[in-house]
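Structure first, then comments.
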Amino acid sequence: MKNIVLLLIIFCSSIVFSQKYTFNFATHYELYFAKKKYETVSYSNTDNPNIFLYFYNTDGKRTAKLVDTEQMQNHFFSVSRQVTTNVEVLHFKYINSEKKEENKLFRQYPTYYDFKTTKRDSLYKTVVLQFYTNEKKKKVNLRLELKIKEADANYFPNYRIATLHGASERKELNYTENGLVVEAFDLTKKKKKEQAKLIYSEKIQFELVVPTKK
């Protein structure tokens, strides 16, 4: 596994540092949707599920988006990579911040779901996550089988952030036990389909500072 070194570019003198964010866990998931494969790298803080950082590519440029659902803010950074033998250096440069608008759909369409453990051994457990169309939980509209590895903390938010688009920022959607999702399968239709797979995970010590104008 490559060692990752995380660096910050020095910002211009017209700004001061105002908010520091700390992340301690990183995951890289592959997501399979409509016969295509997508990849998402995301960072989380196991002590604060309200913040996460993920990377994406736009027009050939790599960008990091820091989402703070507690302060209702999104912060953007450009990211450049420098790779040497077994070491990947990431350089972050602040771009801008924006107010995060409340998603009215979250109030209009609450998420109804449950988790059911179907198998468990000393290393893994199989958990079925079911989404329902209404509060009575009579009709299932999505059914996922999660293979969860025993872990020292609850890393489910990393899986949600990386793979559950449309529900990635729903903080109420959370698994309550410690564990790390390593595989997921879509059971909604008759044929079982792979939905997501963990490529790697690792503990990190990373701080990202968001500046504000004077």
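Looking at the stretch 200-213, can you tell me whether even one residue there is assigned to a strand (DSSP E or B) and within 20 Å of GLN130 (Cβ to Cβ)? Among the residues of the stretch 200-213, not one is assigned to a strand (DSSP E or B) and within 20 Å of GLN130 (Cβ to Cβ), which makes the answer no. The residue that is farthest from LYS193 (Cα to Cα), counting only those in the stretch 28-63 that are within 12 Å of the chain's Cα centre (by Cα) and small (Gly, Ala, Ser), is SER44. Restricting to the stretch 38-96, what's the tally of residues that are open to solvent by 80 Å² or more (accessible area, probe 1.4 Å), within 20 Å of THR212 (Cβ to Cβ) and of a type in the set (D, E, K, R)? The qualifying residues number 2. Restricting the first member to the stretch 153-179 and to residues that are surrounded by 18 or more Cβ atoms within 10 Å (Cβ to Cβ) and at pLDDT 85 or above, and the second to residues that are among the aromatic types (Phe, Trp, Tyr) and in a helix (DSSP H, G or I), the beta-carbon pairs closer than 8 Å and six or more apart or on different chains are TYR175/PHE156; GLY179/PHE156.
Scanning the stretch 171-179 for any residue that is at positive phi and either touching a strand residue (DSSP E or B) at 6+ places or on another chain (Cβ under 6 Å) or polar (S, T, N, Q) (or both) turns up at least one such residue. When SER168 is tested against (1) touching an Asp or Glu at 6+ places or on another chain (Cβ under 8 Å); (2) assigned to a loop (DSSP other than H, G, I, E, B), exactly one condition is not met: (1).
Pairing each residue of the stretch 44-64 that is over 18 Å from ASN178 (Cα atoms) and of a type in the set (S, T, N, Q) with any residue that is in a strand (DSSP E or B) and open to solvent by less than 60 Å² (accessible area, probe 1.4 Å), provided the two are 6+ apart or on different chains, yields C-beta distances under 9 Å for ASN57/THR63; THR63/PHE55; THR63/PHE76; THR63/PHE77; THR63/SER78; THR63/VAL79. When the stretch 164-194 is filtered for residues that are in contact with a Ser or Thr (Cβ under 9 Å, 6 or more places away or on another chain) and more than 17 Å from PHE115 (Cα to Cα), only GLU169 remains.
Close Cβ contacts (under 6 Å, 6 or more residues apart or on different chains) running from residues in the stretch 185-202 that are of a type in the set (Phe, Trp, Tyr) to residues that are assigned to a strand (DSSP E or B) and open to solvent by less than 80 Å² (accessible area, probe 1.4 Å) comprise PHE185/GLU145; PHE185/GLU194; PHE185/GLN195; TYR200/HIS28. When the residues of the stretch 181-214 are narrowed to those that are closer than 29 Å to VAL140 by Cβ, in contact with a Leu (Cβ under 7 Å, 6 or more places away or on another chain) and of a type in the set (Val, Ile, Thr), which ends up most open to solvent (accessible area, probe 1.4 Å)? Only one residue tops the list, namely THR188. Scan the stretch 171-190 and give yes if some residue there is under 25 Å from LYS36 (Cβ atoms), in a loop (DSSP other than H, G, I, E, B) and within 13 Å of the chain's Cα centre (by Cα), otherwise no. Within the stretch 171-190 (the criterion being under 25 Å from LYS36 (Cβ atoms), in a loop (DSSP other than H, G, I, E, B) and within 13 Å of the chain's Cα centre (by Cα)), the answer is yes, since at least one residue qualifies.
Determine if the stretch 105-125 includes at least one residue that is within 19 Å of the chain's Cα centre (by Cα), at pLDDT below 85 and not in a loop (DSSP other than H, G, I, E, B). Yes: one or more hits.
The values are calculated or read from the model by the stated rules, or taken from the named source; none is laboratory data. Source: prediction; values computed, not measured. Here Cβ is always computed from backbone atoms with ideal geometry, including for glycine, and neighbour counts include all displayed protein chains. For accessibility, only protein heavy atoms count, side chains too; no ligands or nucleic acids. Shrake-Rupley method; radii C 1.70, N 1.55, O 1.52, S 1.80 Å.
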